[in-house]
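This report concerns only the one structure given below.
Every number here is computed from the coordinates shown, using simple stated rules; none is lab data. Everything numeric in this text was worked out from a predicted model, so none of it was measured. Neighbour counts run over all protein chains shown; Cβ positions are idealised from the backbone, glycine included.
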There are 2 protein chains.
Amino acid sequence: MLIRARVTVTLKNGVLDPQGKAISGSLAALGFAGVDSVRQGKVFDIELNAVDKQSAEADLTAMCDKLLANTVIEDYAVEIA
Amino acid sequence: MLIRARVTVTLKNGVLDPQGKAISGSLAALGFAGVDSVRQGKVFDIELNAVDKQSAEADLTAMCDKLLANTVIEDYAVEIA
């Protein structure tokens, strides 16, 4: 069966995010006064063929551990549609 | 009030995603045989102060239009926690 999944990779708390800081500064410069913090992450929309949802979830978790996320500094979440 | 929001920016359908294609190729090389397609997007976790959720949503939409997304080739979704 065809599985559509979304994997979201975000920086762990406490890891510096200079890109987010830059965006936050740019938003303030554009006049958005209320912005407290911005943290940027990645999202992967993946279509894969799998026997069932369980095996798809196992595959997606393995993909995150091996390629999509750097688990030293990043967290990931797998969401199957 | 402090509003926590997540903005997801993804490429519109039909827009080429060479980065996604490269990830898809790498996953195949790692032995994940079932991967059909990968498309990469961005996610922004934003904390902002706003009077209420409605004004926060208006602000976030304006941020997307002005800075966070390139609306010619990207779609965005705003989600308030």
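Worth pointing out:
- Exposure proxy order (Cβ contacts within 10 Å, fewest to most) of A:46, B:3, A:73: A:73, B:3, A:46
- Taken over the protein assembly as shown, the convex hull of the Cα atoms encloses 120 Å³ per residue.
- Positive-end ranking of A:80, A:13, A:2 along the dipole of chain A, with charges on Cβ about the Cα centre, is headed by A:13.
- Set of aspartates and glutamates with alpha-carbon distance to residue B:66 below 15 Å, sequence-local pairs under 8 removed: B:57, B:74, B:75
- Helix B:53-63 axis, angle to chain B major axis (alpha carbon atoms, nearest 10°): 50
- Filter on A:21/A:53; A:42/B:53; A:53/B:21 - keep pairs with C-alpha separation over 32 Å: A:21/A:53
- Taking the C-alpha atoms only, the angle from helix B:18-29 to the longest principal axis of chain B is near 50 degrees.
- Average other protein chain Cβ within 10 Å of Cβ, residues B:12-25: 1
- Computed from point charges on the beta carbon alone (+1 for Lys and Arg, -1 for Asp and Glu), the dipole magnitude for the protein assembly as shown about its Cα centre is near 280 Debye.
- Student exercise, region B:2-80 dipole from Lys, Arg, Asp, Glu Cβ charges, in Debye to nearest 20: 240
- Residue-count net charge about residue A:59 - beta-carbon cut-off 13 Å; Lys, Arg +1, Asp, Glu -1: -3
- Residues residue B:29 and residue B:54, FRET efficiency given R0 of 45 Å [Cβ-Cβ distance, rounded to 0.05]: 0.40
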